[in-house]
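The values are calculated or read from the model by the stated rules, or taken from the named source; none is laboratory data. Note that the structure is a prediction, hence the values are computed from the model and not measured. With ideal geometry, Cβ positions are generated from the backbone for all residues, glycine too; neighbour counts draw on all protein chains shown. Side chains are part of the model used for accessible areas, which takes the heavy atoms of the whole protein and leaves out ligands, DNA and RNA. Shrake-Rupley method; radii C 1.70, N 1.55, O 1.52, S 1.80 Å.
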Amino acid sequence: MNKSILYFLFFFSIASFSQSNKLYQKTYTKQDGIEIDNIYALCYDNDGFLWLGGSNLDDRTIISSDKKLSLQRFNGNSFHNIDLPYYENTIEQVQQIYKRSDGQFYITTKLTEGYGLLLFNPFTSEFKLVNFENIEFALDGLSFIYSYKNEDYLLSQKGSKVSIKKIDLDLSITEVFSFPITENKVLIDSSSRILFFDDFVLISDDNFTAKIFNWSGKSLKTIAPFYNSNLEKPKRIVIDEVFIQDEEHYLFLNNDLNLYKIDKHLKSIVPVKNISLSNKHLNAYNDKLGNTLVFSSNNNNIAFNSFNNGNFKQNHLFSYKNVNGIKVLSNNLNKYTWLTTDGKLHYYKFPNRTIKNYLPNLELRTIKPLDSVNYLVASEMDGWFKLNPNNDNIEPYPLTYKNKPFKSIGSRNFIFEDSILWSHGNGGIIKVNTKNKTLDHYKHFPVICMEKVNDSIIVYGTKKYHLMQFNTQTKTHRALVDTDSLFIFDIQYNKHSNLIVAGTDKGLLTYNLLTKKHKLYNNKKDLEDTYILMLDYHKDYGYLLGTRNGQIVAFNSEKETFTTIYKDDFKAGIATILVDNDIWWINTFNGFIAFNTKTKTKTRYSEKDGFSHFEANRYSALKTKDGFFIGTLKGLNYFNPSDLKAENDSAVLTLLKINQFDKVEKAFKNTFNRKLFNNNTDIVLPSENRRLEIDFALKNIGAVDKGYNYRYRYNDKDWVDLKHQNTIQFANLAAGDYHLEIEALNFSGNKIANSLFLNIHSTEFFYKKWWFFLIVSASIIAFLLWLLKQAKKRKLLQEEFAQGLIISQENERKRIARELHDSISQQLTLIKKKAQNTKQEDITSLTHKILEEVRAISRGLYPPLLKQLGLTESIEQLLLDVDEQTNLFVSGDVYNIDSYFNEDQTLNCYRFIQECINNCLKHANAKALSISIIAKNTDIEIIIRDNGKGFDVANAQKQNSLGLKTINERIRILKGEIAIDSKLNSGTIITVKIPIK
């Protein structure tokens with residue numbers, strides 16, 4: 001009993017992997033970006049983007065909400081919301097998105113009161129209101145839009161009048177005919193149906209029984225109720241679903257499982273005998289290719305039913321949490337369909353009919369014929385399987401070892417000998433009796449690969465051990481070559497040359513069974529890539545070596561030469577090779593390549609063409625009389641290469657949305673109008689906020705996630721990998737100009753179609769712009785020039801004032817000197833003579849003394865000899881007087897400088913020397929004073945030196961010393977330069993240089 005349970009569990013665990021051609025399903029929910037609670041409408045635009053419409057629970061009038069109802073666009077990666085326009089009569093529900101012949105959409109809507117129709121351009125995201133009979137917006141009732149002979153029609157209701165109307169592309173509306181409603185509580189809405197025929201029109205609604213009119217509006221017939229599948233006669237005939245096949249209109253009626261059709265001759269609805277659905281119908285869908293699927297439900301299960309040869313066949317069955325009606329969209333029902341239910345969006349990709357996929361999600365290894373119809377398949381980790389590709393039957397191939405179930409791991413070759421099968425797995429050689437599936441296991445060292453070279457010898461490779469042989473008769477292992485530094489991936493044997501060839505991670509190893517000699521070829525000049533993953537043998541090319549970086553190299557063992565046959569465009573490692581005349585199927589780690597050895601052309605296939613995975617697995621390829629088996633990391637693929645046609649990738653990268661700050665609205669704003677975008681779109685970011693979000697996607701891919709990757713770079717810098725993300729966000733793009741380039745890459749890393757280019761100008765704050773710097777700089781310069789001008793003006797005024805003051809002083813001195821000489825001196829002279837005449841000696845002496853002092857004062861105020869003697873002799877006389885009249889030792893070296901100065905300059909120069917001497921006498925306490933006046937080539941140099949107590953020049957200048965100011969001003973008048981060098985207790989040196997004109 002326990003053994004039976006173990007067998008059952010083992011078989012069940014393996015059988016769960018053995019479904020053939022499994023359907024692919026992906027579901028999108030609110031977590032993925034869906035914001036519509038109930039999806040009622042699906043439509044593709046001309047670029048293959050999927051549009052969704054419906055209603056939200058919080059958009060009902062009984063709920064207060066600021067949330068707007070939107071259309072959603074899905075690009076395969078992300079959803080975008082385009083808000084519907086706001087009207088006082090609020091849009092509560094989008095019932096249909098209908099694409100016109102020009103690619104624009106009609107949007108039928110349910111309003112708070114009535115129904116409305118909008119025209120929407122999915123390229124520009126612009127809405128336009130469609131008016132009926134001067135009615136601004138709301139109608140009492142509105143059906144879906146239907147196409148007949150490339151014209152668009154709908155049913156509209158106003159009051160008790162129902163009309164069929166034709167809408168032209170210019171939005172002109174023509175009434176075909178109308179009829180009154182006699183039933184109570186009739187409402188034309190999404191449940192209303194119109195079926196068009198050459199000579200009549202059938203109209204159905206859930207509020208009145210189906211009616212037939214001619215094109216002039218004459219009532220031809222009202223369809224009388226009849227018994228349905230429940231043997232009940234309903235009150236009225238209501239059409240639920242319609243599909244067309246072989247030019248026949250098939251119908252499902254409300255609450256009726258039977259299938260009906262339109263009898264065009266009788267202008268009536270008639271049952272199709274003995275054909276019905278087992279479950280309630282939900283939706284019948286026709287694609288534009290004429291394919292049909294009918295979706296039916298039982299509780300929360302939905303069945304996908306095809307209709308062929310007058311019968312329904314259930315192809316798939318899926319369970320859902322909740323089923324409340326569905327919406328379906330597909331351009332090719334043989335390949336895929338979109339389906340919505342319970343606020344979720346489901347994508348179903350149907351099994352490829354050209355390539356059969358077996359054992360999904362299993363890593364495949366070797367495959368060999370088991371008999372005339374069955375094949376034995378080994379997976380890497382999940383055991384062996386028996387496969388019949390004729391009926392797609394797959395079942396486990398159970399093994400037992402010591403009466404216990406055995407799951408072989410890592411089997412990479414099958415070698416058949418009548419009823420005996422040799423393989424390897426679980427670290428050793430395996431011998432299987434194919435009749436009872438029992439095995440013996442011979443362990444020595446883990447086997448990587450193996451080949452049988454004769455009736456009794458199997459040679460196998462190992463990882464960093466030895467090239468080994470196993471004797472199937474004696475069951476013994478023996479080392480052939482020490483390969484402790486090599487990883488042997490594959491082995492090939494040619495019996496004609498007795499040569500074993502082994503591919504390793506460090507080159508090609510050869511071993512001759514007769515001579516026992518071996519050789520390792522690893523010269524990079526001969527063999528560019530020494531990492532050899534697989535080996536095969538071709539009668540014309542010899543040994544074929546497949547390398548890690550995607551090369552196929554032919555090895556001629558006799559000439560010991562290497563010739564490169566193939567190089568992979570993506571440097572994908574070579575897994576296996578299948579030869580079909582001139583076409584080699586090269587199965588790599590990045591796709592499957594049909595390589596024409598004559599024309600050297602290559603066609604790469606992948607998952608988009610129907611393969612279960614893009615990466616081929618080593619050791620797992622087989623050519624049969626009817627086709628190829630190719631194993632991958634996830635599943636086994638079987639196909640006839642002549643039936644396989646590469647799917648052209650027509651994807652084009654396009655810009656979908658820009659989100660940036662709007663300076664006018666002071667908020668972030670989305671731009672969806674693709675008319676504003678081009679291949680070199682210019683984006684300007686304001687300095688107030690330089691955040692930017694860019695959304696892009698691939699069009700013409702049916703909004704299907706095909707695993708494409710994206711990357712971008714700006715200003716030709718390094719690429720930034722976005723993986724599957726199709727949004728670029730810059731939180732705060734630094735000021736500057738950016739040339740942004742965006743690329744899409746397929747699974748092989750190959751660029752898809754065009755690059756997307758955007759020019760981004762991120763503006764700087766105005767105070768950082770060049771013109772602001774220029775204005776500020778110019779203002780500063782102007783201000784500094786003004787300050788300089790004012791300083792110069794003040795200085796000029798000061799100089800003029802000082803010069804005027806000196807002139808005034810000199811004039812005043814002249815006046816006083818003149819008064820002293822002409823008045824006081826004359827009177828004193830008169831007194832002196834009178835005293836002499838009267839012989840008053842004391843008065844005479846005193847008067848003489850006063851007279852001399854007055855004369856001295858007069859000469860001090862204005863030297864009368866300056867004009868008579870000249871500057872040079874006046875200075876010498878001044879020095880002589882000081883030397884005679886004071887205790888100061890005075891020495892002088894005075895050149896004749898009279899010719900260099902005019903009268904005013906002479907006076908200023910004399911006064912300068914005089915004032916320097918006076919300062920020395922008053923303040924210096926000096927013992928000696930020397931004056932040097934030398935006329936040089938360009939200037940006159942005056943040096944006045946004393947050995948007095950000195951003073952702090954800087955402090956004297958801070959205290960605005962009048963003496964310093966006076967001598968500085970006199971030198972300035974002379975346009976000279978003055979330097980005063982004085983330190984406490986170190987004397988003073990005054991150096992003056994006056995330029996010679």
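The table below lists the values:
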read-out: Average accessible area per residue (Å²) across the chain - probe 1.4 Å, nucleic acids and ligands excluded; value: 50
read-out: Charge context of Asp568, other residues only, Cβ under 12 angstrom, K/R +1, D/E -1; value: +3
read-out: Distance in nm between pseudo-label sites at Glu873 and Val953 (7 Å out along the Cβ direction from Cα); value: 3.6
read-out: Cα shape, the stretch 403-479, gyration tensor, a/c 1.5 rule; value: oblate
read-out: Residue-wise HN-Hα coupling along the stretch 421-429, computed from phi with Karplus coefficients 6.51, -1.76, 1.60 (Hz; x: Gly, Pro); value: 10, 9, 8, 8, x, 6, x, x, 7
read-out: Degrees, to the nearest 10: 903-919 long Cα axis against longest axis of the chain; value: 90
read-out: Long-range amide H partners of Thr483 with built H, under 5 Å; value: Tyr465, His466, Leu467
read-out: Residue-span extension gain [Phe668 to Asp716] - 0.36 nm each, minus C-alpha spacing; value: 14.4 nm
read-out: Positive-pole candidate from Leu520, Ile565, Tyr531, dipole of the stretch 503-575, charges at beta carbon; value: Leu520
read-out: 3J(HN,Hα) from dihedral phi, the stretch 27-33, Karplus parametrisation 6.51/-1.76/1.60, rounded to Hz, x for glycine, proline; value: 10, 10, 10, 4, 5, 8, x
read-out: Calculated from backbone phi, Karplus (6.51, -1.76, 1.60) coupling profile of the stretch 983-991 in Hz, x at Gly/Pro; value: 9, 4, 6, 10, x, 9, 10, 10, 10
read-out: Difference of contour (0.36 nm per residue) and Cα-Cα distance, Val684 to Phe487; value: 65.1 nm
read-out: Share, in percent, of DSSP beta bridges within the chain that are antiparallel, nearest 5; value: 95
read-out: Cut-off 9 Å between beta-carbons: net charge of the residues surrounding Tyr153, Lys and Arg +1, Asp and Glu -1; value: 0
read-out: Gained length - Ile996 relative to Trp786, 0.36 nm times residue gap less alpha-carbon distance; value: 72.3 nm
read-out: About the Cα centre, charge dipole magnitude for the stretch 362-577 (Lys/Arg +1, Asp/Glu -1 at Cβ), debye; value: 700
read-out: DSSP-assigned coil residues among GluC sites (Glu not before Pro) in the stretch 239-336, each with at most 16 further Cβ atoms within 10 Å; value: Glu247
read-out: Rounded, prolate or oblate (a/c below 1.5 giving rounded, otherwise prolate when a/b exceeds b/c) for the stretch 27-115 by Cα gyration tensor; value: oblate
read-out: Structure-derived volume of the Cα convex hull per residue in Å³: which label, when the choices are (i) 293; (ii) 392; (iii) 215; value: (ii)
read-out: Rounded to 10°, Cα long-axis angle of helix 871-885 versus longest principal axis of the chain; value: 70
read-out: Over the chain, relative contact order from alpha-carbon pairs under 8 Å, at least 6 apart, %; value: 6
read-out: Highest to lowest packing among 930-943, 364-377, scored as the average C-beta count within 10 Å; value: 364-377, 930-943
read-out: 10 Å beta-carbon shell around Lys280, net charge (K/R +1, D/E -1); value: -2
read-out: Sequence-distant residues sharing a close amide H with Arg412 (under 5 Å, placed H); value: His424
read-out: On Cα atoms only, tilt of 770-819 relative to the major axis of the chain in degrees; value: 0
read-out: Shape call, the stretch 866-996: gyration tensor on alpha carbons, a/c limit 1.5; value: oblate
read-out: Sulfur and carbon atoms: percent of accessible area, the chain [1.4 Å]; value: 48
read-out: Total charge dipole magnitude, the chain, about the Cα centre, Cβ charges on Lys, Arg, Asp, Glu only, Debye to nearest 20; value: 1980
